[in-house]
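*Asks:* Got a structure for you, written out below as structure tokens; questions coming shortly.
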Amino acid sequence: MTLVTQAVAFAANAHDGATRKGSQIPYIVHPMEVAAIAASMTEDTQVVAAAVLHDVMEDCGVSFEELLDRFGERVAQLVREESQCGVPHNRATWNTRKREAVERLAHSARESMIICLADKLSNMRAIYRDYLREGDAMFLRFNQHDKRMHAWYYRSCAALMEAELGDTLAWQELNMLIANVFGDVQEVEPGKKAHAV
């Protein structure tokens, strides 16, 4: 069984029964899409395996040690770099988690950026589809309801990845979707005072 196949089986088991936010779509569809997007940018099977596994620590409680034992140090480290662990996922902590994610991304290697870009693109595809159906109301399903905060987060991530991955079709699609969803929305950085709108 190849490394990627092992990762798919492990992720499918870890996410079994979970669904995508606001839908009945099995959650495993998301990491599979992330892996497919990552594979469009690299043939490194360890990076693709880590893309499949990118949410198992954060969402399923899988430990770094278990990933290390099953998939080796590089895959486990790539998953850990993409994970927002140790802080509960709720509205009060959204700002903290996203600021830390942006700070990590600013110092990430290309391999980590590939996984991050694939994850953000998969998420933005889903956001765009729902935005076309529901408009701004779709942001109410997230822990953070303020569209301006989401605009800050996705724009910040895209900007940090542009130098390394801006020539990829994945980055270009992400940038287009950000523009389509957030348009001229005045972003608000967490911890900063919002201007009147």
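The values are calculated or read from the model by the stated rules, or taken from the named source; none is laboratory data. Everything numeric in this text was worked out from a predicted model, so none of it was measured. In this analysis, Cβ positions are derived from the backbone assuming ideal geometry, glycine residues included, and neighbour counts consider all displayed protein chains.
*Asks:* Limited to the range 32-48, what total is found for residues that are in a loop (DSSP other than H, G, I, E, B) and either in contact (Cβ under 8 Å) with a residue 12 or more places away in the chain or touching an Asp or Glu at 6+ places or on another chain (Cβ under 9 Å) (or both)?
*Replies:* 4
*Asks:* Please enumerate the residues belonging to the range 60-100 that are at pLDDT below 95, of a type in the set (G, A, S) and crowded, with 17+ Cβ neighbours inside 10 Å.
*Replies:* S83
*Asks:* Let me ask something additional. Test of understanding: among N180, N143, which residue is of a type in the set (S, T, N, Q) and farther than 25 Å from S108 by Cβ?
*Replies:* N180
*Asks:* Still on this structure: It is to be established whether one or more residues within the range 20-31 are in a helix (DSSP H, G or I), at pLDDT 95 or above and crowded, with 16+ Cβ neighbours inside 10 Å.
*Replies:* Yes, the range 20-31 contains at least one residue that is in a helix (DSSP H, G or I), at pLDDT 95 or above and crowded, with 16+ Cβ neighbours inside 10 Å.
*Asks:* (1) closer than 30 Å to H145 by Cβ; (2) basic (K, R); (3) out of contact with any His (no Cβ under 9 Å at 6 or more places or on another chain): which one isn't true of R74, the others all being true?
*Replies:* Going through the list (1) closer than 30 Å to H145 by Cβ; (2) basic (K, R); (3) out of contact with any His (no Cβ under 9 Å at 6 or more places or on another chain), R74 breaks only (1).
*Asks:* Suppose the filter is at negative phi, in a helix (DSSP H, G or I), among the β-branched types (V, I, T) and touching a residue at least 12 places away in the same chain (Cβ under 8 Å); does V79 pass it?
*Replies:* yes
*Asks:* Also: Take the residues of the range 127-181 that are among the acidic types (D, E) and not in a helix (DSSP H, G or I): which is surrounded by the most Cβ atoms within 10 Å (Cβ to Cβ)?
*Replies:* If we take residues in the range 127-181 being among the acidic types (D, E) and not in a helix (DSSP H, G or I), then D146 is surrounded by the most Cβ atoms within 10 Å (Cβ to Cβ).
*Asks:* How many residues, within the range 35-45, are surrounded by fewer than 24 Cβ atoms within 10 Å (Cβ to Cβ) and under 20 Å from Q84 (Cα atoms)?
*Replies:* Total meeting the criteria: 0.
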